[in-house]
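Reviewing the structure listed below.
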Amino acid sequence: MKKHSLISAPIVALTVSALLVAGVAYAQQSSVQTLRGADIDEPVAVDQVHRQDDSGRFTRNYRQQPPLIPHSTEQYQIDLNANQCLTCHDWSRAGDRGAPTLSMTHYMGRDGEQLDSVAGTRWFCTQCHVPQADAPALVDNVFEPSN
């Protein structure tokens, strides 16, 4: 029959407590940096926020580039149940609203058949189309638009 030692549990708890206290003391003495780079009560300068540029349509940079969205979509609902883009851009409403009509490829099923409504594979517009913003490049690149 095995005997359990009652002394081992308090010793383990005491050892863990001592290690935690030592770790906190070390962290206070060393130069631990926060992710913010400043104390919690210090103000931190925030980079300039680049807003939607709706001054006109941006040109495309390459063939087959999905057009950029020249207006804000911040409050648009696009989910499994609704797609607010279609209130203006669906073929049945675009003429009345003065909005560009979706390409006919958006109304083609997987097997190439023509549909009366937007294909499920094209339902989530912001997978390909993004709002245009006049923001600097996040990383350096040498990309040049095609002719």
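Each reported figure results from applying straightforward, stated rules to the coordinates on display, with no laboratory input. Predicted model, so just to flag it, every value in this text is computed and none were measured. Backbone-built Cβ (ideal geometry, glycine too); neighbour counts: all protein chains shown.
A few notes on this one:
- 3J(HN,Hα) along the stretch 87-92, derived from phi through the Karplus expression 6.51 cos²θ - 1.76 cosθ + 1.60 where θ = phi - 60°, amounts to 5, 10, 9, 5, 4, 7 Hz, with x in place of Gly and Pro.
- Choice from Glu113, Glu42, Glu74 with maximal GNM fluctuation in the chain (Cα, 10 Å cutoff): Glu42
- Projecting the Cα atoms of Phe124, Trp91, Thr101 onto the charge dipole of the chain (Cβ charges, centred on the Cα centre) puts Phe124 farthest toward the positive pole.
- Taking the fewest neighbouring Cβ atoms within 10 Å as the starting point, the ordered list for Tyr26, Tyr107 is Tyr26, Tyr107.
- Placed amide H near Ala119: partners under 5 Å, 5+ positions off or other chain: Tyr107, Met108
- Among Gln114, Gln33, Gln84: highest mean-square fluctuation, GNM of the chain, C-alpha pairs under 10 Å: Gln33
- Of every Cα-Cα pair in the chain, the percent that sits beyond 24 Å: 61 percent
- Helical content alone sets the calculated 222 nm signal of the chain at -6000 deg cm²/dmol, taking -39,500 (n - 2.57) per DSSP H segment of four or more residues and averaging over every residue.
- The alpha carbons of the stretch 100-141 occupy a box of 42, 21, 14 Å along the principal axes, longest dimension given first.
- Rounded to 10°, Cα long-axis angle of helix 8-29 versus longest principal axis of the chain: 60 degrees
- Simple label model, 7 Å out from Cα along Cβ direction - Thr121 to Arg63, nm: 2.1 nm
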